[in-house]
Structures are given as structure tokens and as C-alpha cells.
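J.: One structure coming up, written as C-alpha cells, with questions to follow.
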Amino acid sequence: MIDEILKDAEQRMNKTLESLDSAFARIRTGRAHPSILDGVLVSYYGNNTPISQISNIVVEDGRTLLITPWERDIVPDIERAILKSDLGLNPATASENIRLPMPPLTEENRRDLTRVAKTEAENARVAIRNIRRDGNNDVKEFLKEKEITEDDARKGEDLMQKLTDRKIEEVDNRLDRKESDLMEI
């Protein structure tokens, strides 16, 4: 029973880490990367569609993305969606291609983005602690129902704490990597 609780908690914590990774991917560094556009949706035949599903996105050079839509007619829609997004990017259209130059980050922008990254990491830590609390509550419930012994319950809570510590350390490591990535010139 305790193994099942731990396994469920670990799966939920891993999903939290995946969510953190996707949040970090949306935080723009000075380099071009197609994942920056993951959150941008284009109105395509009445449906909001991710840019990556209606075009080819490649890194042209270290600071420029090249977007080649499958259909020439949707170039203005893609441009509009990029301008409306909060990415602060200005697309440059050349016939059927769209170039997205990444402006260099100022020191102030880097600090702001680092603050955002720290907030995302703290949200992940809180989510992991909440998962720990839920798991410990499940263990206590089994103890109350007399399905496990007090020793098993204590052991389960200790294992849950070790799992939590490991996952929070992973969050901290990912945050450190993102901060160094953001502060790199």
C-alpha cells in the first residue's frame, strides 16, 4: 500500500517537473529556440492552432528563427499572433517566410526573467510539497483504518520526505541551470 502511495506521488512530482520544464522553455533567453513559440496560437480555419502544427520552424542562426508556413495565406495570421503574444518579438516577413530575430536581452530584462524563473520554481516546490502532504494523509488514513502498523506509517512518511527532498533538489538544479542560461551574455 505504501509503495503504491509513493509510486503515485513520484508520478505526480515528475509531472510537476515536466510542467516546470515547459514553463522554463517559455522564458526567453537571448538565443533562438523553436519552443519559444509553443504558447502562440494562430487562428487557422476557425481553430486556435499552435504555430508548430501549421509551419516549419527552424533556427536560422543563433539569434533568428525562420518560420515557413505550409500555406502562404496564413503568413499574416502568424505575424498577428506573434505580435499579440507577450514575447516582445517583431516578425519580419519576406514573401512566404517569416524571420523572428531575438533582440539581445538587457541586464534589466535578464533580472526580470530570472525573477519569473524563480517564481515558477517556487510554484513547483509548493506543488511537490502539496503532493507530499496528500501522500502523508493517505498513509495516516491507512493507519487510522488499521491497514498498516505505526512503524509502516513512520517508514512511509520518511520515504515520502526523502522523495520530496530529491524532487525539490531537482527543481533547484533546473532553476540554477536556467538562471545561468539567462545571465549568460
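J.: Could you please tell me which pairs satisfy a Cβ distance under 9 Å, a separation of 6+ or placement on different chains, a first residue in the stretch 36-47 that is over 17 Å from residue 90 (Cβ atoms) and touching a residue at least 40 places away in the same chain (Cβ under 8 Å), and a second residue that is aliphatic (A, V, I, L, M) and assigned to a helix (DSSP H, G or I)?
T.: Matching pairs, first to second residue: 41/51; 41/81.
J.: Going through 16, 119 one at a time, which residue ends up being in the same structural domain as residue 152 (by TED's automatic domain parsing), in a helix (DSSP H, G or I) and within 23 Å of residue 183 (Cα to Cα)?
T.: 119
J.: If you don't mind, another one. Which one is surrounded by the most Cβ atoms within 10 Å (Cβ to Cβ) among residues in the stretch 132-148 that are part of a loop (DSSP other than H, G, I, E, B) and touching a residue at least 60 places away in the same chain (Cβ under 8 Å)?
T.: 148
J.: Which of the residues belonging to the stretch 92-108 are under 24 Å from the mean Cα position of the chain (by Cα) and crowded, with 18+ Cβ neighbours inside 10 Å?
T.: Matches in the stretch 92-108: 100, 102, 105.
J.: Would a scan of the stretch 86-97 turn up a residue that is β-branched (Val, Ile, Thr), in contact (Cβ under 8 Å) with a residue 12 or more places away in the chain and within 23 Å of residue 178 (Cβ to Cβ)?
T.: No: zero hits.
J.: Now, a different point. Mind listing whichever residues of the stretch 53-71 are exposed (fewer than 13 other Cβ atoms within 10 Å of the Cβ) and modelled with pLDDT under 85?
T.: Once the filter is applied, which keeps residues that are exposed (fewer than 13 other Cβ atoms within 10 Å of the Cβ) and modelled with pLDDT under 85, the stretch 53-71 yields 61, 62.
J.: Farther than 30 Å from residue 170 by Cβ, in contact with a Lys or Arg (Cβ under 7 Å, 6 or more places away or on another chain) and of a type in the set (Gly, Ala, Ser): which single residue out of 32, 92, 81 fits that description?
T.: Just one listed residue meets the conditions, 92.
J.: Identify, please: which residue in the stretch 158-169 is charged (D, E, K, R) and surrounded by fewer than 17 Cβ atoms within 10 Å (Cβ to Cβ) and is, among those, nearest to the chain's Cα centre (by Cα)?
T.: Out of the qualifying residues, it is 169.
J.: In this structure, does residue 5 turn out to be more than 24 Å from residue 106 (Cβ to Cβ), among the aliphatic types (A, V, I, L, M) and outside any helix (DSSP H, G or I)?
T.: no
J.: Among the listed residues 154, 129, 125, 111, which satisfies the condition of being surrounded by 12 or more Cβ atoms within 10 Å (Cβ to Cβ), under 17 Å from residue 10 (Cβ atoms), assigned by TED's automatic domain parsing to the domain that holds residue 6 and out of contact with any helix residue (DSSP H, G or I) (no Cβ under 6 Å at 6 or more places or on another chain)?
T.: From the options 154, 129, 125, 111, the qualifying one is 129.
The values are calculated or read from the model by the stated rules, or taken from the named source; none is laboratory data. Not measured: the values here are computed from a predicted model. Every residue, glycine among them, receives a Cβ derived from its backbone with ideal geometry; neighbour counts consider all protein chains shown.
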